[in-house]
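Taking it in order: structure first as structure tokens, then the write-up.
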Amino acid sequence: ATPMSVMVGVGRGARDGVLIKNAEVLEVMEKVDTVVVDKTGTLTEGRPEVTWIEPAPDWSREGLLAIAAAVENQSEHPLASAIVRKAKADKIDIQHANQFDAMTGIGVSAQVESRAVLIGSAKLLTDQSIEADQGLIDAANERQAGGATVVFVAVDQQFAGAIGISDPIKESTPAALGTLQDLGLKVIMLTGDAEPTARAVAKELGVDEFHAGVSPQDKHDFVKKLKDQGKSVAMAGDGINDAPALAAADVGIAMGTGTGVAIESAGVTLVGGDLRGIAAAAVLSRKTMSNIR
Ligand code: ADP
Ligand code: MG
């Protein structure tokens with residue numbers, strides 16, 4: 001039977017917006033020594049906005065945004081929503097795209113008026129030997145070093161431009177990470193985003209270990225490797241791309257603001273996506289377990 005104090009603990013968590021799935025989660029949380037966090041939508045707001053549009057020489061700003069929005073209109077990724085919102089704000093008529101395909105953690109592709117469009121990470125384009133000019137790569141790097149995400153657009157295997165998208169760090173994140181470190185927990189950031197963007201965000205938050213360009217499978221494998229090394233791991237994330245890692249962790253922590261798949265894979269849900277709930281859960285489990293002993 002579940003001890004009374006565990007039920008009280010779960011109830012107390014719920015009152016503070018920390019939804020704990022069952023008694024076992026509260027027990028396991030006490031032993032957690034490593035907290036792995038996703039970047040986009042977990043450390044950051046997850047409401048990104050287009051802040052920079054740089055067309056290739058043959059393209060206009062509007063033309064680039066229009067063709068990108070036509071493809072992204074069929075994607076549910078937060079980056080896609082940002083591009084579609086920007087196109088609508090600029091009164092661009094969004095065309096229909098055919099043969100849409102999403103490559104999780106890499107990008108998207110589709111046909112727009114029989115033109116083949118690719119949008120995603122720099123790697124997506126370089127893997128297909130699509131080169132951007134150096135001036136544009138430098139400008140993109142500069143945006144990334146400022147913490148923005150940059151996606152690259154190719155049309156008919158030719159580079160068409162880059163779009164910079166900014167997603168501010170949640171107001172509550174710095175304090176939340178500070179408390180976790182004060183509790184003696186190691187914080188590691190994992191992201192599918194590019195290295196320079198990841199570095200900028202990690203530096204701003206004082207997170208000394210981070211890994212960029214990480215696929216959903218890599219996130220899962222990373223958590224599993226930590227566990228194999230004897231660590232007790234909590235993993236916090238918001239997206240479909242985090243679900244395998246959330247399920248693999250000793251304690252999966254989903255953002256209540258995130259996707260249903262993440263919430264289903266997790267033992268803890270932070271109602272408003274406020275990461276201070278992780279430390280609250282850790283403290284709650286330590287208190288609850290010491291009450292039982
Ligand atoms: P994160 O781990 O930060 O939540 P994802 O794994 O979802 O990020 O995505 C990683 C990268 O893949 C993005 O930074 C972007 O370059 C690319 N990407 C994924 N989906 C899209 C999309 N719909 N449009 C453009 N780029 C995308
Ligand atoms: Mg995310």
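The values are calculated or read from the model by the stated rules, or taken from the named source; none is laboratory data. This is a predicted model, so every value here is computed, not measured. No Cβ is skipped: glycine too gets one built from the backbone with ideal geometry, and neighbour counts run over all protein chains shown.
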(request) Tell me which residues, restricted to the stretch 14-36, are in a strand (DSSP E or B) and either closer than 23 Å to residue 219 by Cα or in contact with an Asp or Glu (Cβ under 6 Å, 6 or more places away or on another chain) (or both). (result) 20, 34, 35, 36
(request) Output the residues belonging to the stretch 37-73 that are closer than 16 Å to residue 187 by Cβ and assigned to a strand (DSSP E or B). (result) 37, 38, 44
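Name the residue, out of 198, 202, 281, 236, that is within 13 Å of ligand 1 (Cβ to nearest atom), crowded, with 24+ Cβ neighbours inside 10 Å, part of a helix (DSSP H, G or I) and in the same structural domain as residue 23 (by TED's automatic domain parsing).
Working: 202 fails: crowded, with 24+ Cβ neighbours inside 10 Å; 281 fails: within 13 Å of ligand 1 (Cβ to nearest atom); 236 fails: part of a helix (DSSP H, G or I).
After ruling out the rest, the residue left standing is 198.
Do we find a residue being modelled with pLDDT of 95 or more, within 11 Å of ligand 1 (Cβ to nearest atom) and either buried (at least 17 other Cβ atoms within 10 Å of the Cβ) or outside the structural domain of residue 154 (by TED's automatic domain parsing) (or both) anywhere in the stretch 57-67? It would help to see each step written out before you state the result.
Initially, the stretch 57-67 is screened for residues modelled with pLDDT of 95 or more, giving 59-67.
Now restrict to residues that are within 11 Å of ligand 1 (Cβ to nearest atom): none.
The answer is no; no qualifying residue exists.
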(message) Can you say whether residue 52 is aromatic (Phe, Trp, Tyr) and either within 16 Å of ligand 1 (Cβ to nearest atom) or closer than 25 Å to residue 204 by Cα (or both), as far as the supplied structure shows?
(response) yes
(request) Just one of (1) away from ligand 2 (no atom under 15 Å from the Cβ); (2) of a type in the set (Gly, Ala, Ser); (3) in a strand (DSSP E or B) trips up residue 254, so point out which. (result) (1)
(request) Return a yes/no flag: does the stretch 150-159 have any residue that is aromatic (Phe, Trp, Tyr), modelled with pLDDT of 95 or more and either assigned by TED's automatic domain parsing to the domain that holds residue 255 or not in a strand (DSSP E or B) (or both). (result) no
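Matching residues to (1) without any contact (Cβ under 8 Å) to a residue 40 or more places away in the chain; (2) within 16 Å of ligand 1 (Cβ to nearest atom); (3) buried (at least 21 other Cβ atoms within 10 Å of the Cβ):
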| site | (1), (2), (3) |
| --- | --- |
| 109 | yes, yes, no |
| 127 | yes, yes, no |
| 140 | no, yes, yes |
| 150 | no, yes, yes |
| 167 | no, yes, yes |
| 186 | no, no, no |
(request) Consider residue 182 carefully, then state whether it is out of contact with any Leu (no Cβ under 9 Å at 6 or more places or on another chain) and either farther than 23 Å from residue 165 by Cα or within 15 Å of ligand 2 (Cβ to nearest atom) (or both). (result) yes
(message) Only one of 123, 91 is over 16 Å from residue 156 (Cα atoms), more than 23 Å from the chain's Cα centre (by Cα) and not aromatic (Phe, Trp, Tyr). Can you tell me which?
(response) 91
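Could we say that residue 222 is modelled with pLDDT of 95 or more and within 17 Å of residue 265 (Cβ to Cβ) here? Let's see the steps before the verdict.
Details: modelled with pLDDT of 95 or more: yes; within 17 Å of residue 265 (Cβ to Cβ): yes.
The answer is yes for residue 222.
Would you point out which residue out of 137, 130, 119 is assigned by TED's automatic domain parsing to the domain that holds residue 72, assigned to a loop (DSSP other than H, G, I, E, B) and either in contact with a Phe, Trp or Tyr (Cβ under 8 Å, 6 or more places away or on another chain) or within 20 Å of residue 52 (Cα to Cα) (or both)?
On the way: 137 fails: assigned to a loop (DSSP other than H, G, I, E, B); 119 fails: assigned to a loop (DSSP other than H, G, I, E, B).
Exactly one residue qualifies, and that residue is 130.
Taking the residues in the stretch 13-40 that are within 16 Å of ligand 2 (Cβ to nearest atom) and not hydroxyl-bearing (Ser, Thr, Tyr) as candidates, determine which candidate is nearest to residue 82 (Cα to Cα). Break it down into steps so the answer makes sense when it comes.
Initial filter on the stretch 13-40 (within 16 Å of ligand 2 (Cβ to nearest atom)): 35-40.
Still in the list and also not hydroxyl-bearing (Ser, Thr, Tyr): 35-39.
Numbers: 35: 29, 36: 26, 37: 23, 38: 19, 39: 17 Å.
Ranking the candidates gives 39 first.
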(request) Please work out if residue 278 is in contact with a Leu (Cβ under 9 Å, 6 or more places away or on another chain) and under 15 Å from residue 20 (Cβ atoms). (result) yes
(message) I want to confirm something. Restricting to the stretch 74-92 and keeping residues that are within 16 Å of ligand 2 (Cβ to nearest atom) and part of a loop (DSSP other than H, G, I, E, B), which single residue is nearest to residue 188 (Cα to Cα)?
(response) 77
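Given 118, 79, which one is surrounded by 21 or more Cβ atoms within 10 Å (Cβ to Cβ), modelled with pLDDT under 95 and near ligand 1 (Cβ under 10 Å from one of its atoms)? Working first, answer last.
Values: 118 fails: modelled with pLDDT under 95.
Result of the check over 118, 79: 79.
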(request) Look at residue 198 and say whether it is farther than 30 Å from residue 3 by Cα, in contact (Cβ under 8 Å) with a residue 40 or more places away in the chain and out of contact with any Asp or Glu (no Cβ under 8 Å at 6 or more places or on another chain). (result) yes
